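Asker: Here it is: the structure, laid out below.
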Amino acid sequence: MTENEQLPRAWSPRMSDAAANAEVRRLIDEAYRPAPPVRQIPTYFKDDTPAPVFGDAEPVHQDDRRIVPAWAAGVAVASLGVGAGTTGIGCGAWLVLKGFASMSVTGVIAMGALFTGLAFAALSIGVAFSRARRSVSKAVYTGPVTKNTHVTTHTKGAFARSHTHLHN
């Protein structure tokens with residue numbers, strides 16, 4: 001290496017103490033330099049649009065955020081009930097019929113399947129009638145909107161507990 005070539009900025013045995021101290025200071029400053037601020041993403045939205053005190057207000061679309069429709073959750077719960085009920089009926093039939101004759105477990109399972117099939121058929125017919133009777137309607141309120149707010153505060157007791165009630 002000739003004298004005209006520059007040394008890399010890393011430590012070398014030919015570095016003077018002052019140059020080594022300057023390089024160490026640069027590395028420490030670089031390591032502890034504060035990072036640029038991370039852009040914060042808001043986790044909420046507040047609508048500051050003033051609501052009308054009286055009169056007509058525009059309808060606002062409100063998303064339905066349920067993961068499972070209510071009718072599907074009801075059918076699932078009813079299915080669990082049917083399964084538990086038919087298990088109880090099958091066990092009861094096994095206990096009753098065991099005394100009359102030597103009934104096998106396969107026969108009990110067949111009877112349970114029969115009861116389960118009947119129960120699920122009744123459940124399916126009920127759900128179909130329920131869904132057919134219910135009409136799809138979207139309610140849009142078009143009447144006047146008024147907001148009456150009345151606040152009542154009660155302070156009682158030796159320790160001065162205050163109870164505030166908001167009456168709409």
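The values are calculated or read from the model by the stated rules, or taken from the named source; none is laboratory data. Computed from a predicted model, the values in this text were never measured in an experiment. We place every Cβ from the backbone using ideal geometry, glycine too, and count neighbours over all the protein chains shown. In case anyone asks, the SASA skips ligands and DNA or RNA and just uses the protein heavy atoms, side chains included. Shrake-Rupley method; radii C 1.70, N 1.55, O 1.52, S 1.80 Å.
Asker: Check whether at least one residue in segment 16-28 is of a type outside the set (Gly, Ala, Ser) and exposed (fewer than 10 other Cβ atoms within 10 Å of the Cβ), and report yes or no. Lay out the reasoning, then the answer.
Answerer: Restricting attention to segment 16-28, the residues satisfying the condition of being of a type outside the set (Gly, Ala, Ser) are 17, 21, 23-28.
Checking which are exposed (fewer than 10 other Cβ atoms within 10 Å of the Cβ) leaves us with 17.
Taking every residue of segment 16-28 in turn, at least one turns out to be of a type outside the set (Gly, Ala, Ser) and exposed (fewer than 10 other Cβ atoms within 10 Å of the Cβ).
Asker: Okay, next question. Anything in segment 75-104 that is over 39 Å from the mean Cα position of the chain (by Cα) and open to solvent by less than 100 Å² (accessible area, probe 1.4 Å)? List them, or say none.
Answerer: Taking segment 75-104 and keeping what is over 39 Å from the mean Cα position of the chain (by Cα), we get 92-104.
The answer is Gly92, Ala93, Trp94, Val96, Leu97, Gly99, Ala101, Met103, Ser104.
Asker: Spot the failing condition for Ala72; the list is (1) more than 30 Å from Phe129 (Cα to Cα); (2) under 20 Å from the mean Cα position of the chain (by Cα); (3) open to solvent by less than 80 Å² (accessible area, probe 1.4 Å); (4) among the hydrophobic types (A, V, I, L, M, F, W, C), and only one is missed.
Answerer: Of the numbered conditions (1) more than 30 Å from Phe129 (Cα to Cα); (2) under 20 Å from the mean Cα position of the chain (by Cα); (3) open to solvent by less than 80 Å² (accessible area, probe 1.4 Å); (4) among the hydrophobic types (A, V, I, L, M, F, W, C), the odd one out for Ala72 is (1).
Asker: Does Pro52 satisfy being surrounded by 10 or more Cβ atoms within 10 Å (Cβ to Cβ) and either outside any helix (DSSP H, G or I) or at pLDDT below 80 (or both)? If you could, list the steps in order and put the result at the bottom.
Answerer: On the way: surrounded by 10 or more Cβ atoms within 10 Å (Cβ to Cβ): yes; either outside any helix (DSSP H, G or I) or at pLDDT below 80 (or both): yes.
For Pro52, the condition - surrounded by 10 or more Cβ atoms within 10 Å (Cβ to Cβ) and either outside any helix (DSSP H, G or I) or at pLDDT below 80 (or both) - is met.
Asker: Restricting attention to segment 22-75, which residues are touching a residue at least 24 places away in the same chain (Cβ under 8 Å) and among the β-branched types (Val, Ile, Thr)?
Answerer: Scanning segment 22-75 gives Val53, Val75.
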